[in-house]
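One structure is given here, and the rest of the page talks about it.
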Amino acid sequence: MKPTLLALLAMICFSCNQKTDTNTYYQEQHRPQFHFSPEKGWMNDPNGLVYYEGEYHLFYQFYPDSTVWGPMHWGHAVSKDLTSWEHLPIALYPDSLGYIFSGSIVVDENNTTGFQTGKEKPLVAIFTIHDMVKEKAGRKDRESQGIAYSLDKGRTWTKYAKNPVLPNKGDADFRDPKVFWHEPTKHWVMPLAVGKQLEIFTSSNLKDWEKTGAFGIQESVNDGVWECPDMISFKTKEGIEKWVLIQNIGRGAINGGSGTQYFVGNFDGKTFTNDNTPETKLWLDYGADNYAGVTYFNAPNNEKLFIGWMSNWDDYATKVPTSTWRSAMTVPRKLTLIQTPEGYRLAQMPVHQLEKLRLSKTEISKQTITKSTLIDDKSILKELDLSFDLSASTASELGFVLSNSKNEKLVFGYDKASKQVFIDRINAGKSDFSTKFAKKHFAPFTDSKTLTIKALIDNSSIEVFVNGGSIALTDLFFPNEDYTRLEVYSNGGNAELISGAVYPLKSIWKK
């Protein structure tokens, strides 16, 4: 279907924005400087994460004509290093079948679709079609799955003439296909979010699908609808293959609103089984602002590279106080599977490519923190590394504080009595847009002699990775004045700091 005049104007606007005055480009208040955000308009779920011919593609749910959710398109950007991003024209537009909701992209190496006409391998997008006419009529069969393909490295797309390839038989929530190739059985697998569970479909050609399994009725949390599933495999140190099902839920997350669970288990090409009991709830991120995240298809060296949408759909996503744009993505993270006393668990750390954003390094020497110590009072964007000796620390609480001259502050801390780490944004700045924003978010921290912290701090977000990424917390904040002051603190005793470092970071958008 040809783009509408409105869509063409949006494409022209994207091109014009590339030539914007370099003194104002990406300089709005709260604008992220090393996280991906759209030039303008509304953005939510990352879609179609795929690596092909030296490029990391990031597609995303996009409405170019407003900063609140509307008719969904697929926005598009590419990167060669997962750090700097180039905006490309909109990839997929709504059409007569409906809006283009979330989905995935695969490289059809063996031309199972028959779409290949030359040397270029087809990139095939699999996405949810949401029929607003059916929704307004109160029909449950409003969502189905469609496909489109590109033969020019993702620059232009052709929708399949016989869409939908997977029609809906009556489920109100039937969406977010995250397709992958299962080599042992030589077929495509489509995990699909259906109500409060996962359904699994298989296909030989991405066009004809058969349901082979379901999972999750017993594992559902509260009343949250399941969304944006992802299934990835790991090889353990013992050479055992384990599968992880990443499952986003619309509400009922551990710290409120939307969030991301995961399950560790096995997959035989048709069905997924859980290693843990239904009562075991594993959370990918304990902050409030990491949702709808999925991993890259075809990533180099079979790495599991994850990007999430940095907001909270259920609580305040459409209300956060930004101006010409709304929402950003997390930094790309590398997922690994680690062995713990409780079983296999996910760990995550920022991809190493982000280190090229470092401008300098300030080392923090070994010392005893008796109350607070100023670490940095110049840089706004920063990467912070800290290591504490908990066995020698007497403090009841320790951590770091970001603050400004208006006495607004954001705190990351460790609470000895409750054995938890937390982000406290109660006094972090603007919060009148939602009664659910000014909160303290906790994560359980099992007994350890050492607490290591890596924090990535942007204009309006913080991502914290504890003890090698075994715990992650992601939160937004909106101070009325940028934070520049960084202190390490202790309460109720001394904190023994082993070492630390601060790296000011450069913007990926300044030209």
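Numbers at a glance
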read-out	value
The range 144-260: C-alpha gyration tensor shape, a/c 1.5 cut-off, then a/b vs b/c	oblate
ASP65-SER96 pseudo-label distance in nm [points 7 Å out on the Cα-to-Cβ vector]	1.9 nm
Size of the range 246-295 as Cα extents on the principal axes (Å, biggest first)	33, 24, 14
Residue-averaged 222 nm ellipticity for the chain, from DSSP H runs of 4+ at -39500 (n - 2.57), nearest 500	-1000 deg cm²/dmol
Estimated inter-spin distance, SER405 and LYS136, nm [label 7 Å along Cα→Cβ]	5.2 nm
Rg [Å, one decimal], Dmax [Å, integer] - the range 461-511, C-alpha atoms	14.6, 47
Cα-based equivalent ellipsoid, the range 65-198: semi-axes from gyration tensor eigenvalues, Å	25, 20, 14
Derived scalar couplings ³J(HN,Hα) [the range 199-205; Karplus, 6.51 cos²θ - 1.76 cosθ + 1.60; whole Hz; x for Gly, Pro]	10, 10, 10, 10, 7, 8, 9
Computed magnitude of the charge dipole of the chain (debye, nearest 20; Cβ of K, R +1, Cβ of D, E -1)	560 debye
Taking N as its residue count, the alpha carbon Rg of the range 358-504 over 2.2 N^0.38 Å	0.98
Built amide H within the under 5 Å cut-off of ASN312, gap 5+	ALA317
Distance between the range 333-403 and the range 252-283 - C-alpha centres, whole angstrom	28 Å
Highest-first arrangement of 213-219, 196-202, 335-341, where packing means the average Cβ count within 10 Å	196-202, 213-219, 335-341
Vicinal HN-Hα couplings computed from phi for the range 25-32 (Karplus, 6.51 cos²θ - 1.76 cosθ + 1.60; Hz; Gly/Pro x)	4, 6, 10, 5, 4, 6, 5, x
THR324-THR484 FRET efficiency (beta carbon distance; Förster radius 22 Å; 0.05 resolution)	0.35
In sequence order, calculated HN-Hα J values of the range 493-506 (Karplus, 6.51, -1.76, 1.60; Hz; x Gly/Pro)	x, 9, 10, 9, 8, 7, 6, x, 7, 10, 10, x, 10, 8
Cβ-based exposure ranking for GLU210, GLU463, GLU408, in which fewest neighbours within 10 Å come first	GLU210, GLU408, GLU463
Volume of the Cα convex hull of the range 351-420, divided per residue and given in Å³	140 Å³
Cα gyration tensor, the range 248-399 - rounded (a/c under 1.5), prolate or oblate	prolate
Length released on extending from THR446 to THR340, taking residue separation times 0.36 nm less the Cα-Cα span	37.1 nm
Per-residue Cβ neighbour rank within 10 angstrom, fewest leading, GLU120, GLU342	GLU342, GLU120
Peptides 41-51, 278-288, 231-241 ordered by average Cβ neighbours within 10 Å, highest first	41-51, 278-288, 231-241
Contour excess over end-to-end distance, with Cα ends at THR117 and ASN23 and 0.36 nm allotted per residue	29.3 nm
Convex hull volume per residue for the chain, taking Cα atoms only, in Å³	148 Å³
Under 5 Å, built H, 5+ apart or other chain: amide partners of SER102	THR128, ASP176
Net dipole in debye of the range 77-198 [+1 Lys, Arg Cβ; -1 Asp, Glu Cβ; about Cα centre; nearest 20]	260 debye
Neighbour-count ranking [beta-carbon atoms within 10 angstrom, fewest first] of TYR25, TYR56	TYR25, TYR56
Long-range amide H partners of PHE478 with built H, under 5 Å	LYS430
Alpha-carbon gyration tensor eigenvalues x 5, square-rooted, for the range 252-342, Å	27, 18, 11
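Every read-out reported here was derived from the displayed coordinates using simple, explicitly stated rules and does not represent laboratory data. All values reported here derive from a predicted model rather than from experimental measurement. With ideal geometry, Cβ positions are generated from the backbone for all residues, glycine too; neighbour counts draw on all protein chains shown.
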